[in-house]
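Every number here is computed from the coordinates shown, using simple stated rules; none is lab data. Since we're looking at a predicted model, the values are computed, not measured. Backbone-built Cβ (ideal geometry, glycine too); neighbour counts: all protein chains shown.
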Amino acid sequence: MVLEILSNLVPRYFHDIREIDAQIAAQQAQFDELGQWIGLVNDNFFIQTADDQTLTVLEGLFNILADRTTEDINFRRARLLNMFATAPPFTLYFLYGRLVSLVGRGMFHVTIDYNNYYLQIGIRNYSPNIENEIVRLLTVILPAHMEYNLFQIAPTAEMTPLIIAKSFAAPTRRIVYTTPINNP
């Protein structure tokens, strides 16, 4: 296709001259390579299609050091999309959306105890990378007075917080008041 475009750009009296045709054919390879580079630049404009080098640069914006032995490129893309999409205000609907993008639809269960400011998140497909990313997400979006517990749900269990295969950690982010609060 580029060959046809280039031959149409030269004046008509150069058509069917062997040297001109050879020069146009030689430039064809350069234009093909240019097209590949343009495609690569276009792919790197978007996180979903970016290559490893671009992901490394974008992870540097958030001070993330990717472990290429345990984190595949799709996880790194999902983590960067999560980082860019994490902006206030945060709602329960926002948390559900982030968990769907990290874990998958139907692969988690969220319970909130509003009176005690306690959040429980059970996930079905556990991996240390997903756990770390969810903990980072909760650290960013939860108010300081809320506690959370992240646990794994057994693969054959119903989506209920009562069946726990492995508890990741005890509830975290407790606030301890050193002086009593006097209510009038």
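Label point of F46 set 7 angstrom out along Cα-Cβ; within the range 55-78, amide nitrogens under 15 Å from it belong to 77-78.
Mind ordering 14-27, 107-120 by average Cβ neighbours within 10 Å, highest first?
107-120, 14-27
Using DSSP to call loops (not H, G, I, E or B), can you name the trypsin sites (Lys or Arg not before Pro) in the range 19-108 whose Cβ has at most 16 other Cβ atoms within 10 angstrom?
Here the trypsin sites (Lys or Arg not before Pro) that fit, given the DSSP loop and packing criteria, are R68, R105.
With the highest mean first, a sort of the peptides 57-66, 131-140, 32-41 on other beta-carbon atoms found within 10 angstrom per residue produces 131-140, 57-66, 32-41. Need one number: the % of Cα-Cα pairs in the range 1-134 sitting beyond the 22 Å mark. Distances greater than 22 Å cover 59 percent of the Cα pairs. Here the convex hull built on the C-alpha positions of the range 2-43 has a volume of 52 cubic angstrom per residue.
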